[in-house]
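Presented below is the structure to which this report refers.
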């Protein structure tokens with residue numbers, strides 16, 4: 001079983017991490033966990049390449065992404081869950097769906113935005129979009 005665990009550093013994404021730790025024993029063998037965060041691309045601005053090079057931009061994505069992964073990685077380690085981690089760049093739902101398929105994941109595990117005062121039972125926009133476009137089964141954790 002290969003599980004893509006998508007996080008963004010938020011409290012809601014940590015619910016998915018805690019769910020993974022609590023339910024890792026559901027599987028006959030320990031699942032392969034791929035801890036992923038997605039960074040939105042920096043907008044393409046005229047002459048940006050003259051000021052910021054590809055290396056600097058790649059370093060920025062990696063540093064920001066690692067910061068988003070840090071808390072989740074710490075909890076997974078403390079919970080005895082082995083994992084690999086990746087920082088991806090792109091539109092969030094589409095990138096998660098594409099990576100899950102390309103990496104051969106059996107499940108995408110992601111937190112929801114949960115309930116809001118204004119909307120009652122509305123899922124976060126990323127979770128909603130992912131449910132509609134992913135070919136891999138998606139498990140939402142609130």
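Using Cα pairs closer than 8 Å and at least 6 residues apart in sequence, work out the relative contact order for the chain, in percent.
34 percent
Work out the FRET efficiency for residue 75 and residue 106 from their Cβ-Cβ distance, taking R0 = 25 Å, and round it to the nearest 0.05.
Step by step, r from the Cβ atoms, then E = 0.70.
Which one of 71, 54, 113 has the biggest mean-square fluctuation once the chain is modelled by GNM with Cα springs under 10 Å?
Of the options given, 54 has the highest mean-square fluctuation.
Along the Cα→Cβ direction, 7 angstrom out, place labels at residue 133 and residue 11. What is the inter-label distance in nm?
Modelled inter-label distance: 2.8 nm.
Among 56, 34, 11, whose mean-square fluctuation peaks in a Gaussian network model of the chain (Cα, cutoff 10 Å)?
56
Suppose the chain between residue 56 and residue 84 were pulled fully straight at 0.36 nm per residue; how much longer would it get relative to their current alpha carbon spacing?
That pair, residue 56 and residue 84, stretches by 7.7 nm at full extension.
Based only on other Cβ atoms within 10 Å, what is the fewest-to-most ordering of 59, 28?
The most exposed by this proxy come first: 28, 59.
Which of 128, 37, 112 ends up with the largest GNM mean-square fluctuation for the chain, with Cα atoms connected below 10 Å?
128
When you count, for each residue, the other Cβ atoms within 10 Å and take the mean per peptide, how do 14-25, 80-91 rank with the highest first?
Per-residue mean Cβ counts within 10 Å order the peptides as 14-25, 80-91.
Read the figures in this text as sums done on the coordinates, not as results from a lab. The shown structure was predicted, so the numbers you read here are calculated from the model rather than taken from an experiment. Every residue, glycine as well, gets a Cβ built from its backbone with ideal geometry; the counts of neighbours run over all protein chains shown.
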